[in-house]
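Here's the structure, in structure tokens; my notes come after.
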Amino acid sequence: MSCLRLVCYSFAILGLLFSGRPVLAEETIKLAYTDPFSGPFASAGDEFLKVFQFIIARRNALGGPLGRKYELVPFDDKLQPAEALIALKSITDQNIPFVMHCVGSNVGSALIDAVSKHNAREPDSRILYLNCGALATELTNEQCDFWHFRFAGSVDMRAAARIKSLPADLKKAYLLNQDYLFGQSIQHDTKKWLAKLRPDIEIVGDELMPFGKVQDFSSYVAKIKASGAESVVTGNYNRDLNLLIKAAVDDGLNVRFDTYLSHLIGGPTAIGAAGENRLTSVMEFNGNVAVDQKSAEAEKIAVDWRANHETDFSELNFLTMIDMLTNAINKAGSTDPLKVALALEDMHVKDLDGQENIMRKEDHQLLMPYYAGVFSKDVKYDSEHTGFGWKTQMTATAADLTLPTICKMKRPEN
């Protein structure tokens with residue numbers, strides 16, 4: 001009798017294996033996502049989490065890789081490298097093959113090193129780091145690593161676009177940046193591109209400020225005013241930018257803010273009408289870019305997002321990342337990180353705006369476009385319900401921003 005039961009059980013298993021709905025097709029592909037969901041920069045992590053939920057729901061509806069769906073698994077790193085490493089340990093313990101991270105080059109640097117060491121130590125449970133926003137140039141130059149792919153432009157690329165888009169009559173600039181890896185990278189590359197492209201601009205101030213710790217920016221506003229600056233060129237973001245802009249508005253400081261990231265959550269609201277025609281940013285996307293590019297599909301993404309969110313959809317590169325990952329998993333026929341990494345290298349895709357994006361094999365840096373925009377009433381879509389939105393002043397294509405790399409990547413032997 002026990003033998004009969006065993007035979008029946010065996011046939012039942014075979015039936016599952018050969019049925020039209022394979023067991024594997026029911027399993028999700030987990031994507032770990034670590035960013036700050038608590039602490040002073042939690043609003044950035046919370047916003048990007050909503051963006052990924054939106055993008056992954058869209059991707060799952062269109063069809064995920066290998067007939068499976070993605071499952072997003074968030075981990076709070078508090079924008080602290082030590083916390084990110086704790087999160088990474090939990091991710092590897094759960095055998096999640098992909099980790100995404102966007103906020104903080106200090107965290108990005110720690111993850112590159114930790115993922116590389118883990119993969120060397122545990123070749124049977126490797127992990128791939130998909131970087132969606134840790135921008136310091138060093139991460140795909142001196143610190144480049146085979147297991148790290150950056151799906152956002154480097155600071156060097158963004159700085160080239162930033163400086164090219166400055167107005168011809170600007171002559172005096174004050175540089176203010178956060179004193180950590182990203183801010184230092186912004187400081188270095190801003191000065192490099194000013195020297196190359198705009199030697200006529202005098203730097204009347206060049207300052208690094210404590211990262212995430214300043215509550216009152218009035219002393220910085222006073223120094224900017226005393227310097228005679230016509231523009232503040234800054235890589236500050238989130239609370240460090242929004243508090244700076246609010247202090248400048250409260251003081252009546254009449255200068256341009258030529259920023260790298262003021263289009264992100266809270267920036268438009270912080271300046272409001274005072275930013276008209278004098279607040280600029282360099283961005284991956286906004287709804288008005290889709291209008292300019294006559295891309296109905298990209299515009300629909302922006303409109304669909306706006307229907308249920310108070311903020312703007314600017315993270316087209318996040319969507320491109322998930323699409324490229326999907327293509328790579330399908331090409332590899334597997335979620336094995338090594339096979340997926342090899343499939344990602346030298347991948348060419350067109351984003352929803354029709355612009356070419358290339359994952360460069362030499363350094364795993366995505367070559368992609370940037371758009372410089374000015375805060376204006378003269379647009380179809382406003383930002384954060386302010387009545388003002390981003391009017392495109394300049395487009396820099398992937399070809400325009402294909403810059404040299406000094407990466408010397410060590411590739412795995414197998």
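With the simple spin-label model, which puts each label point 7 Å out from Cα in the Cβ direction, the residue 399 to residue 331 separation comes to 2.2 nm.
Look at the dipole of the range 96-237 built from charges on Cβ: of 178, 229, 103, the Cα furthest out on the positive end belongs to 229. In summary, the lysines within cross-link reach of residue 410, defined as a Cα separation below 29 angstrom excluding same-chain residues under 8 places away, comprise 30, 89, 117, 192, 331, 339, 350, 361. Solvent-accessible surface (1.4 Å probe) assigned to residue 186 amounts to roughly 0 Å². So who's got an amide H within less than 5 Å of the one on residue 178, skipping anything under 5 residues away but keeping other chains? H placed 1.01 Å off N, in plane. Residues meeting the criterion, in which the H sits 1.01 Å from N, are 183, 209, 235, 236.
The charge dipole of the chain, taken about the Cα centre with unit charges on the Cβ atoms of Lys, Arg (+1) and Asp, Glu (-1), comes to about 540 debye, rounded to the nearest 20. Summed over the residues of the chain and divided among them, the accessible surface reaches 41 Å² per residue at a probe radius of 1.4 Å.
Can you give me the Cα centroid spacing of the range 224-238 and the range 331-409 in angstrom? Here the answer is 27 Å between Cα centres. Pairs of Cα atoms nearer than 8 Å and 6+ residues apart set the relative contact order; for the range 216-291 it is 32 percent. Taking 25 °C and 0.890 mPa s as the conditions, I'd like the Stokes-Einstein D for the range 106-225 in µm²/s, using the Kirkwood hydrodynamic radius from alpha carbon pairs. This corresponds to a translational diffusion coefficient of 151 µm²/s.
Could you work out the local net charge near residue 341, counting Lys and Arg as +1, Asp and Glu as -1, over the other residues with Cβ closer than 11 Å to its Cβ? Once all neighbours under 11 Å are counted, the net charge is +1.
Both radii come from the Cα set of the range 84-132: Rg as radius of gyration, Rh as Kirkwood radius; their ratio Rg/Rh reads 0.93. Here the range 302-399 has 46 percent of its accessible surface on carbon and sulfur atoms, given a 1.4 Å probe and all protein chains in place. Apolar share of the accessible surface for the range 125-220: 49 percent from carbon plus sulfur atoms, 1.4 Å probe. Under 5 Å between amide hydrogens, built in the peptide plane, is the criterion, and for residue 33 it picks out 73, 75, 100 among residues at least 5 positions away or on other chains. Extension gain for residue 350-residue 142 works out to 72.0 nm (0.36 nm per residue, less the C-alpha to C-alpha distance).
Dividing the alpha-carbon radius of gyration of the chain by the rule-of-thumb value 2.2 N^0.38 Å gives 1.05.
By its C-alpha gyration tensor, with a ≥ b ≥ c as the square roots of the eigenvalues, how is the range 54-116 shaped: rounded for a/c under 1.5, else prolate for a/b larger than b/c, else oblate?
Working: a/c = 2.55, a/b = 1.93, b/c = 1.32.
Note, shape of the range 54-116 comes out prolate.
The reciprocal of the average 1/r between distinct C-alpha atoms defines the Kirkwood hydrodynamic radius, which for the range 194-317 equals 16.0 Å. With contacts taken as Cα pairs under 8 Å and at least 6 residues apart, the range 192-250 reaches a relative contact order of 42 percent. Relative to the longest principal axis of the Cα atoms of the chain, the long axis of helix 296-306 makes an angle of roughly 80 degrees.
Electrostatic tally near residue 218: other residues with Cβ closer than 14 Å to its Cβ, Lys and Arg +1, Asp and Glu -1, net 0.
Equivalent ellipsoid semi-axes for the range 276-353, as square roots of 5 times the alpha carbon gyration tensor eigenvalues: give them largest first, rounded to whole Å.
30, 13, 12
Rounded to whole Å, the principal axis extents of the Cα atoms in the range 278-414 read 55, 32, 22, largest first. Rounded to two decimals, the Cα radius of gyration of the range 198-260 over 2.2 N^0.38 Å is 1.07.
Debye-formula intensities of the range 21-168, expressed as log10 I(q)/I(0) at q = 0.10, 0.17, 0.18 Å⁻¹, are -0.38, -1.00, -1.09 (one equal scatterer per alpha-carbon, no solvent). Determine which lysines satisfy two conditions relative to residue 377: a Cα distance under 22 Å, and not lying fewer than 8 residues away in the same chain. Residue 377 reaches 246, 294, 300, 391.
Using Cα pairs closer than 8 Å and at least 6 residues apart in sequence, work out the relative contact order for the chain, in percent.
Working: 811 pairs, mean separation 62.2, N = 414.
Taking the mean separation of contacting Cα pairs over the length of the chain, I get 15 percent.
Straight-line reach from residue 408: taking Cα to Cα under 20 Å and skipping same-chain neighbours fewer than 8 places apart, the aspartates and glutamates in range are 113, 138, 142, 145, 156, 345, 346, 362, 363.
Expressed in Å, the radius of gyration and Dmax of the Cα atoms of the range 122-171 are 15.7, 58.
The values are calculated or read from the model by the stated rules, or taken from the named source; none is laboratory data. Since this is a predicted model, take the numbers as computed values, not measurements. Cβ: placed from backbone, ideal geometry, glycine included. Neighbour counts: every protein chain shown. Note: accessible area is taken over every heavy atom of the protein model, side chains too, but ligands, DNA and RNA are not part of it. Shrake-Rupley method; radii C 1.70, N 1.55, O 1.52, S 1.80 Å.
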